[in-house]
Amino acid sequence: MFKVENLHFTYPKNKEETIKGLSFEINRGEIFGFLGPSGAGKSTTQKILIKLLENYEGIISYNGNNIAELDDSFFEDIGVSFEMPIHFTKMTAMENIQFFMKLYKRNHDVETLMKRLGLWDDRDKMVSEYSKGMKIRLNFVRAMLNSPQMLFLDEPTNGLDPANAMILKDMIKEFRAQGGTVFITSHIMADIDQLCDRVAFIVNGQIIEMDSPRNLKIKYGKRVIKVEYKENGKTVGVEFPMDDIANNEAFFDILKSKEIETLHSGETTLEEIFIQVTGVGLNHE
Ligand SMILES: Nc1ncnc2c1ncn2[C@@H]1O[C@H](COP(=O)(O)OP(=O)(O)OP(=O)(O)O)[C@@H](O)[C@H]1O
Ligand SMILES: [Mg+2]
């Protein structure tokens, strides 16, 4: 659905390139996560993909058409939330929504959206009186306003309480279930893990790893089985190689004779993969 080929970009005021040759594809009906350290170029990439930044090198195509050559109908197709919610603070939430609705031919049922996100009762409140989380939720309503085919979400759950974050994630999953496609960035690895079909890690303007969260966890994990059992009132932990586990007598002895507390495979978490592949913590002086 979206194809990016050898994308390069330099901000006009800068000498160094911010985006240094990105290539990736986002399939229809997929949630594609973009992860990486602060300053890696995630938001910049999103801004290029939605035609907010121009003068890039490389080819970006949407449904086979070069986005540089698409007319404004492209904006009817996409929904965007920026990392910093920008609203008219001297207007009510509903006035904000009505303003943006007029820009589009197609409109989503706003009442349903706002009720779902717990904003309906506060729709006539000035946005200046909204809490941070309310502004973030309003930002998502705006992204969904035109019933888009594709969503671009820059840290959509950042600053939300767990219950609201869950609602928002459910709405993103429902969007996918109805055929929608999503490009999302987040620093909340659990959210990425729950949502994304595939993720790309971007460091310093380049993609250094790309796969499904599951495959990455297998790739970066240890092929071991970890067992914890009780012995003389204490917890003992042991690891066995996953390979040929069916013939590992020591492993089966423990299963038969001990009081097992936990049993896990050695797959890792996205957090640990993030630290490992991005080398975060190593570059700070
Ligand atoms: N308007 C701008 N003009 C010049 N440089 C910019 C501009 N916006 C961003 N940059 C630079 O581009 C680089 C990438 O920024 P970007 O906002 O894309 O990072 P990010 O990956 O989204 O980070 P974060 O996780 O902190 O949101 C940074 O070095 C930043 O300083
Ligand atoms: Mg960003």
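Points to keep in mind about this one:
- Residues in the range 228-240 carry Karplus couplings, in order, of 10, 9, 8, 9, 6, x, 10, 8, 10, x, 9, 10, 10 Hz; the curve used is 6.51 cos²θ - 1.76 cosθ + 1.60 with θ = phi - 60°, and Gly or Pro positions show x.
- Largest GNM mean-square fluctuation across VAL182, VAL236, VAL199, computed for the chain with C-alpha springs under 10 Å, falls on VAL236.
- Under the simplified labelling scheme, the ASN6-THR235 pair shows an inter-label distance of 5.4 nm, with each label point 7 Å from Cα along Cα→Cβ.
- Taking a sphere under 12 Å around the Cβ of LEU195 and counting the other residues whose Cβ falls inside, with K and R at +1 and D and E at -1, yields a net charge of -2.
- Vicinal HN-Hα couplings computed from phi for the range 3-10 (Karplus, 6.51 cos²θ - 1.76 cosθ + 1.60; Hz; Gly/Pro x): 10, 10, 10, 6, 7, 10, 8, 10
- DSSP beta bridge pairing in the chain, given as percent antiparallel to the nearest 5: 65
- Residue exposure sequence - THR10, THR262, THR157, THR45 - by fewest surrounding Cβ within 10 Å: THR262, THR10, THR157, THR45
- Sequence of ILE172, ILE245 once ranked by neighbouring C-beta atoms within 10 Å, starting from the fewest: ILE245, ILE172
- Applying 1/(1 + (r/R0)^6) with r as the Cβ-Cβ distance of ILE208 and ALA177 and R0 = 45 angstrom yields a FRET efficiency of 0.90.
- GLY29 sits among other residues whose Cβ lies under 10 Å from its own Cβ, and their net charge, with Lys and Arg +1 and Asp and Glu -1, is 0.
- Summed side-chain charge close to ARG214 - residues other than ARG214 whose Cβ falls under 13 Å, Lys, Arg +1, Asp, Glu -1: -1
- On Cα atoms only, tilt of 162-177 relative to the major axis of the chain in degrees: 80
- Less than 5 angstrom separates the built amide H of GLY58 from those of HIS8, all sequence-distant by 5 or more or on a different chain.
- One quarter of the surface of the convex hull around the alpha-carbon atoms of the chain equals 20.4 nm², the direction-averaged projected area.
- Theoretical gain in end-to-end length, TRP120 to LYS90 [0.36 nm per residue, Cα-Cα removed]: 9.0 nm
- Evaluated at q = 0.20, 0.22, 0.31 Å⁻¹: base-10 log I(q)/I(0), Debye formula over Cα of the range 222-266: -0.59, -0.70, -1.19
- Taking label positions 7 Å along the Cα-Cβ direction at both ILE218 and LEU263, the computed distance is 2.1 nm, reported to one decimal.
- Computed helical MRE - 222 nm, the chain, DSSP H runs ≥ 4 contributing -39500 (n - 2.57), nearest 500: -9000 deg cm²/dmol
- Neighbour counts of C-beta atoms inside 10 Å place ILE260, ILE254, ILE207 in the sequence ILE260, ILE254, ILE207, starting with the fewest.
- Here the calculated FRET efficiency for ALA68 and ASP243, from their Cβ-Cβ distance with R0 = 45 Å, stands at 0.35, rounded to the nearest 0.05.
- HN-Hα J in Hz across the range 199-204 - Karplus 6.51, -1.76, 1.60, θ = phi - 60°, x for Gly and Pro: 10, 10, 9, 10, 10, 6
- FRET efficiency for LYS256 and ASN55, using Cβ-Cβ distance with R0 set to 51 Å, rounded to 0.05: 0.15
Any read-out appearing in this document is the output of simple, stated calculations on the displayed coordinates, not a laboratory observation. Since the structure is predicted, the reported quantities are computational estimates derived from the model, not experimental observations. In this analysis, Cβ positions are derived from the backbone assuming ideal geometry, glycine residues included, and neighbour counts consider all displayed protein chains.
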